1. Do any helices (runs of 4 or more DSSP H) entirely within the stretch 1-71 hold 2 or more residues that are aromatic (Phe, Trp, Tyr), and if so, which?
2. Which ones in the stretch 262-321 are more than 17 Å from the chain's Cα centre (by Cα) and polar (S, T, N, Q)?
3. Can you tell me which residues in the stretch 83-114 are polar (S, T, N, Q) and either at pLDDT 95 or above or part of a helix (DSSP H, G or I) (or both)?
4. Criterion first (at negative phi, at pLDDT below 90 and not acidic (Asp, Glu)) does ILE341 satisfy it?
5. When you go through SER269, SER285 one by one, which is the residue that is touching a Lys or Arg at 6+ places or on another chain (Cβ under 9 Å), buried (at least 16 other Cβ atoms within 10 Å of the Cβ) and of a type in the set (Gly, Ala, Ser)?
6. When both residues are 6+ apart or on different chains and their Cβ atoms are under 8 Å apart, which pairs have a first residue that lies in the stretch 63-75 and is closer than 15 Å to LYS189 by Cβ, and a second that is of a type in the set (Asp, Glu)?
7. Out of PHE228, PHE200, I need the residue that is within 21 Å of THR348 (Cβ to Cβ), in a helix (DSSP H, G or I) and out of contact with any helix residue (DSSP H, G or I) (no Cβ under 8 Å at 6 or more places or on another chain). Which one?
8. When both residues are 6+ apart or on different chains and their Cβ atoms are under 6 Å apart, which pairs have a first residue that lies in the stretch 295-307 and is within 21 Å of LEU371 (Cβ to Cβ), and a second that is of a type in the set (Lys, Arg) and not in a loop (DSSP other than H, G, I, E, B)?
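The values are calculated or read from the model by the stated rules, or taken from the named source; none is laboratory data. Nothing here was measured: the structure is a model prediction, and the numbers come from that model. Because the Cβ atoms are built from the backbone with ideal geometry, glycine has one as well, and the counts that use them run over all protein chains shown.
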Amino acid sequence: MKQTKSILLIIVFSQFCCTSLWFATNGIIEDLVNNFTLNHSALGHLSSAVQFGFIIGTFFFALLTITDRFSPSKVFFASAIIAALFNLGIVLENHNIISLLILRFGTGFFLAGIYPVGMKIAADYFDKGLGKSLGYLVGALVLGTAFPHVLKGVGGSFSWQLIIYTTTALAMFGGAIMVLLVPDGPYRKPVTAFDSAVFFNVFKVSNFRKAAFGYFGHMWELYTFWAFVPIILSAYLELHPQANFNISMLSFVIIASGGLACVISGYLSQIYGSKKIGAIALMLSGLCCLVSPIFFSITTETIFILFLVFWGMVVVADSPLFSTLIAKNVSPKHKGTALTIVNSIGFTTTIISIQIANIIIDVIAIKYLFLSIAIGPILGLVGLLNKN
């Protein structure tokens with residue numbers, strides 16, 4: 001028992017270190033825009049490049065059943081090192097939007113060997129209490145995602161290059177401790193032969209499909225919300241000049257609050273079930289989308305900030321629960337591939353959602369932006385609770 005707790009701690013910490021690469025450029029976007037003379041739409045494009053790379057990466061990882069055929073810890077380590085090197089390339093001089101997009105794509109591609117593989121490693125160690133374990137794991141992803149914002153917020157005098165160096169070093173360290181300290185888990189059922197049919201067969205299971213559709217609706221909202229948090233805060237300051245807050249630090253707090261929510265939802269799932277708690281979180285985040293225009297009009301910044309923190313919690317609280325449902329409704333020997341497939345499709349929805357938001361933000365007031373995003377949680381909830 002003591003050993004499994006220490007293993008979970010290592011997995012969680014490694015996941016945090018490596019997923020700091022995900023939004024490494026979001027916390028320093030203004031520096032990149034100024035340094036490389038980019039258009040301000042670069043935020044949406046660079047975020048989408050990571051997502052697109054992750055989508056293609058997860059597609060190939062799943063199609064080739066890499067996670068189920070090879071040691072997950074070794075796959076995690078190799079992916080962490082390569083993703084970190086792509087991230088490090090950002091500090092080179094004379095970049096343009098194309099070269100930055102290529103680097104972010106490469107980072108995203110090899111994040112496919114980190115996030116879903118980390119969940120696979122956890123599933124190999126924890127059969128009972130998987131929801132709680134994945135709550136910690138996804139919480140680490142959330143903190144890793146938010147980390148570049150806090151680096152920018154507390155280090156006003158830090159160069160943007162130092163933030164890239166820091167996230168690169170963290171990812172390499174995270175990959176190293178995973179491969180050195182986390183051997184293959186006791187519940188791992190390795191697959192010796194390549195079988196492309198697994199990619200399609202998992203969707204024949206009804207409960208697997210329901211969990212997957214809930215996850216897809218959740219993903220439609222999640223990364224668009226995360227990507228646009230700094231822009232939302234900037235827009236509020238423009239609407240209410242009397243307000244005063246540190247955008248980078250507040251972006252960290254809003255996104256990082258989801259990490260705590262993932263842990264809480266993991267524990268609640270032990271009592272009420274993953275499906276029920278996941279559905280409640282998905283419903284609440286959808287409601288946040290629908291009522292968001294009202295809160296832009298509130299002049300009291302504390303209320304606005306508390307609303308965003310609450311949204312930051314419920315928008316991701318369902319993520320580990322959907323992953324738990326997915327892992328529990330597939331053959332043990334195909335858990336890694338199943339998780340990777342669902343990640344691939346789920347992140348495909350994020351790139352569509354982010355690009356839609358990137359387009360409509362120029363034609364409508366920003367306070368109405370997330371009305372178009374609410375369709376994701378609504379359809380996800382319908383798919384999750386479908387009785388067929």
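1. Values: elements: 2-19, 29-36, 42-63, 66-69.
It comes to 2-19, 42-63.
2. Passing the criteria: SER269, GLN270, SER274, SER292, SER297, THR299, THR300, THR302.
3. Going through the stretch 83-114, the residues polar (S, T, N, Q) turn out to be 87, 94, 96, 99, 107.
ASN87, SER99, THR107, listed by residue number.
4. Working: at negative phi: yes; at pLDDT below 90: yes; not acidic (Asp, Glu): yes.
Judged against the criteria, ILE341 is a match.
5. Numbers: SER285 fails: touching a Lys or Arg at 6+ places or on another chain (Cβ under 9 Å).
So the residue among SER269, SER285 that is touching a Lys or Arg at 6+ places or on another chain (Cβ under 9 Å), buried (at least 16 other Cβ atoms within 10 Å of the Cβ) and of a type in the set (Gly, Ala, Ser) is SER269.
6. Close Cβ pairs satisfying both conditions: THR65/ASP195; SER71/ASP184; PRO72/ASP124; PRO72/ASP184.
7. Values: PHE228 fails: out of contact with any helix residue (DSSP H, G or I) (no Cβ under 8 Å at 6 or more places or on another chain).
On inspection, the qualifying residue turns out to be PHE200.
8. PHE296/LYS367
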